[in-house]
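The structure appears right after this line, and notes come after that.
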Ligand SMILES: O=P(O)(O)OC[C@H]1O[C@](O)(COP(=O)(O)O)[C@@H](O)[C@@H]1O
Ligand SMILES: [Mn+2]
């Protein structure tokens with residue numbers, strides 16, 4: 001409880017912002033109106049894995065929502081072809097207008113018709129928003145005109161109609177039609193998605209995670225839940241050499257060296273030169289993969305040895321290779337190796353880096369730490385990201401909350417203490433932030449690597465078998481044991497327990513996860529526990545399309561409930577522009593409500609309600625003469 005005196009002081013301060021009775025009335029009326037508006041639309045996506053081109057398209061087509069709205073507004077007015085053309089214009093206005101110009105199709109009539117259509121669509125899509133928000137969403141410089149056009153003066157009325165016609169004619173005759181079309185398309189896309197959540201894994205496998213992050217840095221409303229691949233890169237940016245070696249290895253495996261070299265100005269040339277010398281009969285990329293894998297497994301072993309808390313001794317493996325017999329020894333058995341040539345390993349001391357290996361990893365470390373662009377992206381991940389997020393009653397996180405075989409939150413021991421459930425995730429999040437912003441203590445920096453691949457890591461939730469997958473032929477040894485969480489999240493009681501642990505309503509909340517690719521083609525569904533948990537890793541990543549059979553999911557939460565949009569294959573942006581080739585998307589309802597959720601039911605609504613209460617008290621002070629209005 002706030003003491004009476006403090007409360008009075010607070011209201012005094014508030015009176016500076018609302019210095020007259022009228023200003024309090026106006027805000028009270030406004031805020032009460034806002035509470036009754038429908039809940040804004042949220043989109044959730046995960047596991048983008050560097051797949052810039054299709055993600056770029058999905059951001060532009062708002063996961064297929066623009067097309068749905070165009071279909072609704074112009075059912076009678078446009079043919080299918082006109083609708084597709086109009087949609088492409090909204091997705092890619094600059095490119096589409098240039099293409100039309102080349103064909104000499106940009107007449108004043110075209111501009112007029114198009115702007116009127118855009119206006120109709122923008123009006124249709126703005127019904128959920130408060131006027132202030134719409135004004136904010138209009139690109140700078142176009143505010144007053146678009147606002148006036150939108151405010152919908154009735155066409156039947158002669159004077160406003162002429163007024164609007166005149167505005168439009170002038171706008172086109174002075175050559176600003178193009179600019180206005182552009183501004184409208186930005187507005188429409190902003191209105192379609194009020195909030196974007198990315199539930200982890202920007203990096204690895206796909207070609208341009210850097211371009212995805214560049215683009216999202218300009219997004220108007222986004223939050224991020226870190227995935228294991230993000231934490232790996234964050235660890236690399238903190239200077240963790242094992243994370244760096246793993247990042248480089250994965251990048252080479254997927255043939256994406258450009259991400260490092262062009263995207264982040266990190267040169268892998270010294271590694272290639274060294275690898276060519278060590279493995280002269282291999283192709284350059286394969287040689288480099290081998291060279292960095294050996295560095296990785298050597299530094300991993302050193303890291304594990306200096307951190308007994310990680311309990312990962314079983315992941316020290318270079319000493320399990322029989323270098324004379326050329327095989328891998330595991331559980332008393334011999335396994336064939338995929339490569340038997342290890343010129344940089346001393347069997348007597350297999351974890352020792354050679355001088356050259358040491359120089360290479362040190363140089364890579366400097367490059368990672370000094371890459372301005374990488375550090376910029378990582379700071380963005382820290383700023384917008386967290387390990388988990390409770391948002392409008394839902395719980396968002398990438399991987400899992402560790403549980404035992406009975407489904408109870410498992411105590412995890414670190415730095416002399418046990419943590420479980422939410423407290424464990426809070427501990428991990430604090431460590432992740434400390435690794436970047438705090439004193440660089442060795443345990444915390446090493447912990448970033450643990451989070452990438454440790455069985456108790458909430459972002460990984462499985463024991464990764466990178467060594468076996470790299471060196472051992474028998475795929476039996478490639479299997480990665482997972483946390484029991486993944487065997488329970490299809491059970492309602494379990495999801496309710498998790499939601500409750502995070503202070504959420506178990507009857508209405510949902511858990512939203514990424515991380516585990518859903519094999520739609522095998523009949524697997526992302527909807528678990530009757531909709532209490534939804535796993536939205538649909539495999540944006542091309543390399544995983546064969547596994548999932550689709551090209552990604554978008555989960556949409558609006559005032560009517562939840563639905564899942566399944567994206568089918570996408571050709572490329574050029575085809576999208578030239579031939580109106582949109583991503584085919586199929587939408588399925590997950591949960592439909594008979595009522596409409598309003599802003600009053602959201603977290604923002606709770607804050608607004610508090611503001612209303614405060615203003616109400618201020619109004620009483622003014623009315624009762626206890627506080628004198630400043631104006
Ligand atoms: O978070 P994700 O996407 O599951 O990635 C982690 C997985 O990737 C792997 O490193 C395998 O990677 P690839 O499939 O890209 O070769 C596994 O060992 C690990 O389980
Ligand atoms: Mn993942």
- Message: If I filter region 329-341 for residues that are in contact with a strand residue (DSSP E or B) (Cβ under 7 Å, 6 or more places away or on another chain) and free of Cβ contacts under 8 Å to residues at least 12 places away in the same chain, do I get at least one hit?
- Response: yes
- Message: Regarding region 475-490, can at least one residue be identified that is touching a helix residue (DSSP H, G or I) at 6+ places or on another chain (Cβ under 6 Å) and within 16 Å of ligand 1 (Cβ to nearest atom)?
- Response: yes
- Does residue 314 satisfy the criteria of being assigned to a loop (DSSP other than H, G, I, E, B) and either at pLDDT below 95 or on the phi < 0 side of the Ramachandran plot (or both)? no
- Checking residue 319 against (1) in contact (Cβ under 8 Å) with a residue 40 or more places away in the chain; (2) surrounded by fewer than 18 Cβ atoms within 10 Å (Cβ to Cβ), the condition it does not meet: (1)
- Query: When you go through (1) more than 32 Å from the chain's Cα centre (by Cα); (2) surrounded by fewer than 14 Cβ atoms within 10 Å (Cβ to Cβ); (3) free of Cβ contacts under 8 Å to residues at least 60 places away in the same chain; (4) within 22 Å of residue 243 (Cβ to Cβ) one by one for residue 275, which number turns out not to apply?
  - Reply: (2)
- Task: Looking only at region 332-349, decide whether some residue is farther than 30 Å from residue 208 by Cβ and part of a helix (DSSP H, G or I).
- Result: no
- Query: Can you tell me which of 435, 423 is at pLDDT 95 or above, under 24 Å from the mean Cα position of the chain (by Cα) and crowded, with 22+ Cβ neighbours inside 10 Å?
  - Reply: 435
- Note on the structure: Per the list (1) touching a helix residue (DSSP H, G or I) at 6+ places or on another chain (Cβ under 7 Å); (2) under 30 Å from residue 587 (Cβ atoms); (3) at pLDDT 95 or above, residue check on residue 501 breaks on (2)
- Query: Considering only region 521-544, how many residues are surrounded by fewer than 19 Cβ atoms within 10 Å (Cβ to Cβ), without any contact (Cβ under 8 Å) to a residue 40 or more places away in the chain and within 16 Å of ligand 1 (Cβ to nearest atom)?
  - Reply: 1
- Which ranges mark the helices (runs of 4 or more DSSP H) fully within region 1-113 that have 3 or more residues being within 30 Å of the chain's Cα centre (by Cα), surrounded by 13 or more Cβ atoms within 10 Å (Cβ to Cβ) and not assigned by TED's automatic domain parsing to the domain that holds residue 250? 52-60, 65-73, 80-91, 93-102
- Note on the structure: Taking region 452-472 and the residues there that are farther than 18 Å from residue 244 by Cβ and over 22 Å from the mean Cα position of the chain (by Cα), the one that is farthest from ligand 1 (Cβ to nearest atom) would be 456
- Task: Being free of Cβ contacts under 8 Å to residues at least 40 places away in the same chain and over 24 Å from the mean Cα position of the chain (by Cα) is the filter here, so list the residues in region 494-520 that pass it.
- Result: 496, 500, 506, 507
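The values are calculated or read from the model by the stated rules, or taken from the named source; none is laboratory data. What you see is a predicted model; the values in this text were computed from it and never measured. Methodologically, a virtual Cβ is constructed for each residue, glycine included, from the backbone with ideal geometry; neighbour enumeration extends over all protein chains shown.
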